[in-house]
Amino acid sequence: MKHVYADNNATTAVAPEVVEAMLPYLTTAFHNPSSMYELARGPSDAIAAARRVIGEMLGGVLEQELIFTSCGTESNNAALRGAARANPGRRHIITTAVEHPAVLEVCKAMVREGFEVDFVPVDTQGRIDLGAYVRALRPGSTLIVSVMHANNETGVVFPVAELARIAKETDPAILVHTDATQTVGKLPIDLNAAYQHVDLLSFSGHKLHAPKGVGVLFQRRGSRVSPYMIGGHQERGLRAGTENVAGIVALGKACELAVAAYADEARVQGLRDRLERELLAAIPYTHVNGAEAERLPNTLNVAFHFVEGESILFELDRLGICASSGSACTSGSLEPSHVLMAMKVPHTAAHGSIRLSLSRYTTVEDVDHVVAVLPDIIARLRRISPYWDAAANGPRADGPEIHG
Ligand code: PLP
């Protein structure tokens, strides 16, 4: 059976060059980088080299501005919690309604602890409501603005450079954080040019062909953020814990490969566009979530109206195709995704939304395979859908009333 991996926003395959680069640090060069003997120099130098590569990728940021963490979730927690701890006089936070739970749930926890949080809405295309964002800023009391760079479900890109500039013009003491977990490695980010007003940026290795278990928090020099993980002196005391040397080396290599592959993103976008075009042409009552917004080149969130996303994924899985649902059904509730709800996608479309996310390893054969099998899956599922009139091959006129 042919397998197609189209869930790269969930995680990516580790690049073979990355595996090769990290192997020595899992075998012969296993020493603790903090140890004093000569053999520890190898791991310690390798961390420094990875830091340089990552710093260069982000526009030549200082090595001491990069803190290695264990994942994107940790980086986001460290940014929000560290900002709050360092600035106890400020209790107001601005974020968006469509953040990943690694920001959203932290903000909700902070509401329970007495912080005030504005969750800025998005429009039907998933674009941030700029007016609401500007109105939410409170000079003198806003602690931090945390706005994701691109949405993991729809791929919609937020104008973070502009949002950061507006925040700083309103009050230079407002900290600006962006969760760039879905953009680092896909879009160039220059923290000393367009993104110069961003103080904190998070990302994660496993989204760009490094392994799971390594992430980064960029923390601009001079920004008021307290350490989040206390213990030893690693990462200059900002994040204690013996370094994940192999993971850090892997991330350095993955970043090097990503920069070399930036030009390949046009090819990835070509594949995504082909997938989108062919699916829309082959399957009626289908739309693309966020179609009119600027989107990541690799991401397609497509709504097949009048069917259940979970059933589509099940059928795809049986054919060896990995995709994911727009619905967050992990809790067992069949609530549609908070992102699609915030975009006011009608229920009958939100439930039938799936995400297909590609990578530089995706081939045209992969795309054509998905295009070959999906129309039949959707047609079969619609025949048994309570919202679909199998005889008329269209939505049921007397179907249950569904409110978006
Ligand atoms: N932020 C975004 C936008 C993500 O897509 C993800 C992963 O899905 C995370 C944060 C969490 O990253 P990690 O799995 O490394 O904790």
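At a glance:
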| quantity | calculated |
| --- | --- |
| Filter result for residue 141 (more than 16 Å from the ligand (Cβ to nearest atom), at pLDDT 95 or above and hydroxyl-bearing (Ser, Thr, Tyr)) | yes |
| From 363, 348, residue being open to solvent by less than 70 Å² (accessible area, probe 1.4 Å), modelled with pLDDT of 95 or more and farther than 14 Å from residue 322 by Cα | 363 |
| Some residue of region 229-244 being on the phi < 0 side of the Ramachandran plot and part of a helix (DSSP H, G or I) | yes |
| Tally of residues being part of a strand (DSSP E or B) and open to solvent by less than 20 Å² (accessible area, probe 1.4 Å) across region 109-122 | 2 |
| Residue satisfying condition, being touching a Lys or Arg at 6+ places or on another chain (Cβ under 6 Å), open to solvent by 10 Å² or more (accessible area, probe 1.4 Å) and either among the hydrophobic types (A, V, I, L, M, F, W, C) or over 27 Å from residue 386 (Cα atoms) (or both), within set 282, 261, 323, 291 | 261 |
| So residue 362, is it assigned by TED's automatic domain parsing to the domain that holds residue 384 and either in contact with a helix residue (DSSP H, G or I) (Cβ under 9 Å, 6 or more places away or on another chain) or assigned to a loop (DSSP other than H, G, I, E, B) (or both) | yes |
| Neighbours by Cβ (under 9 Å, 6+ apart or cross-chain): first from region 195-207, at positive phi; second at pLDDT below 95 and not in a loop (DSSP other than H, G, I, E, B) | none |
| Number of positions in region 210-243 that are among the β-branched types (Val, Ile, Thr), touching a residue at least 40 places away in the same chain (Cβ under 8 Å) and more than 16 Å from the ligand (Cβ to nearest atom) | 2 |
| Flag for residue 165 being away from the ligand (no atom under 16 Å from the Cβ) and farther than 17 Å from residue 90 by Cβ | yes |
| Condition check for residue 207: within 13 Å of the ligand (Cβ to nearest atom), more than 16 Å from residue 70 (Cβ to Cβ), modelled with pLDDT of 95 or more and within 17 Å of the chain's Cα centre (by Cα) | no |
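The values are calculated or read from the model by the stated rules, or taken from the named source; none is laboratory data. These numbers come from a predicted model, not from an experiment. All Cβ positions, glycine included, derive from the backbone under ideal geometry; neighbour counts span all protein chains shown. When the accessible area is computed, the model is the full protein with side chains, heavy atoms only, and any ligands, DNA or RNA have been set aside. Shrake-Rupley method; radii C 1.70, N 1.55, O 1.52, S 1.80 Å.
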